[in-house]
Amino acid sequence: EVDFRSTMRSDLAKDEVLVASLLNRLAVSTVQLENLVGQKPPKLDLPEVKLSKSSSLEQQAEDAALALRTRLGIGPGPIQDLTALMEFELGLRVFERPLPSSISGAVAYDEVAGGFVLLNSLHPLPRRRVTAGHEVGHALTRKAGISIVFEGEKGTEREERFFDLFGIALLTPAPTVRKKADELRTMFGAFAVRQLLMMAVFFNVSIEAMTRRMVSLGILADGTSKKIGLKHRERVEQEMHDQREVRPFTPRSLLLASIAHQRELLSEQQIAAMLELDLVSVRSALEDGLGGIKEGALELSL
C-alpha cells in the first residue's frame with residue numbers, strides 16, 4: 001500500500017489533486033511490477049542533507065551538488081542522461097506524463113517504498129531536466145509525502161529555494177560554466193545572446209535557467225533575461241528540437257515491463273493500464289526495447 005499525502009493550495013487544489021492521484025497510482029503500479037518480477041525496491045542512494053540556518057543557502061546548494069557529483073564519479077561536465085542517472089544510480093523511479101500546464105512535476109518519498117518523480121512530458125527536455133534536478137534536491141531531504149512543483153513559481157520557503165539552487169548547480173557546475181563562458185568569449189571576441197544560447201544547448205537546460213545561473217555567478221549582468229527576445233528563444237528551440245522527444249518508458253521501467261511481458265506475467269494491455277500509457281506506445285516500446293532478444297536467449301561465458 002502506497003499512499004502519499006499532499007498539502008493542497010486552495011487556488012490550485014484541482015491540479016494538485018490530479019497530479020498527486022496520478023503519482024500515487026504510478027507508484028503503486030511500479031511497486032506491484034517490481035514485486036511481480038522479483039525485483040527489490042531500489043534503495044535511495046543519496047546523501048541525506050539537513051539545511052543549516054546559519055550558513056549561506058547558495059553555498060549549501062553548491063556543496064551538496066558537488067558532493068553528489070563526486071560521490072557518483074561523474075566529473076564536472078554536463079550530465080547527458082539525467083533520467084538514467086536518477087533511476088540506476090540514485091534509486092528514484094521516474095515517470096514522464098502529460099500534466100496540467102501550471103505544474104512542472106512532483107516528487108514523493110516514503111521510507112519504505114522509496115522515492116518517485118513525475119515530470120510534465122509536455123515541457124521541452126531542457127525544462128524537464130531543470131525540474132528533475134529540483135526533485136533530486138527534494139529527495140536529499142527525505143521529506144515524506146508529495147511535493148508539487150509549479151511552473152514559473154519561485155519558492156519562498158527556505159527548503160524550496162535550496163531545491164532550486166541545488167538543481168541548477170547539479171546540472172551546471174560553477175567551474176565548468178565559467179570555463180565554457182571564457183572559451184566562447186575568447187572564440188567569438190564577445191559574449192552575446194548567441195553564446196548564451198550555446199551555453200544552454202551545451203548544458204541542456206532551459207534558456208531561463210542558464211541565464212539565472214550565469215547572473216548568479218556574476219558572469220552576466222542583472223536584467224540580462226529581459227534582453228532575450230521571443231525570436232531568440234524560438235531559434236534555440238528549433239536547434240534543440242531533436243531533444244524534445246518523450247519516450248513512454250524510462251530505462252528502468254522499460255526493463256521491468258519487458259521482463260514481465262517476456263515471462264508472460266503481464267500482457268501489453270495490462271502494462272498499458274498499470275503505467276497509464278496507450279497500447280500502441282507500449283507495444284512499440286516492448287518490440288524495440290530489447291531488440292527482439294528473448295530473456296535467456298543469449299548467454300555469455302567468461
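The values are calculated or read from the model by the stated rules, or taken from the named source; none is laboratory data. Only a predicted model underlies this, so the values are computations on that prediction, with no experimental measurement involved. Positions of Cβ are backbone-derived with ideal geometry, glycine not excepted, and every protein chain shown enters the neighbour counts. Only protein heavy atoms, including side chains, enter the accessible area calculation; ligands, DNA and RNA are left aside. Shrake-Rupley method; radii C 1.70, N 1.55, O 1.52, S 1.80 Å.
Structure above, values below:
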quantity	calculated
Restricting region 202-220 to residues that are among the β-branched types (Val, Ile, Thr) and crowded, with 17+ Cβ neighbours inside 10 Å, the residue that is nearest to Thr176 (Cα to Cα)	Ile219
Qualifying residues in region 113-128 (those that are in contact (Cβ under 8 Å) with a residue 60 or more places away in the chain and among the hydrophobic types (A, V, I, L, M, F, W, C)) - the one most open to solvent (accessible area, probe 1.4 Å)	Leu125
Enumeration of residues in region 198-218 that are closer than 18 Å to His123 by Cα and not hydroxyl-bearing (Ser, Thr, Tyr)	Ala200, Val201, Phe203, Asn204, Val205, Ile207, Glu208, Ala209, Met210
Tally, over region 53-103, of residues that are open to solvent by 40 Å² or more (accessible area, probe 1.4 Å) and farther than 26 Å from Ser121 by Cβ	14
Glu183 being of a type in the set (Asp, Glu), touching a strand residue (DSSP E or B) at 6+ places or on another chain (Cβ under 8 Å) and closer than 25 Å to Gly75 by Cα	no
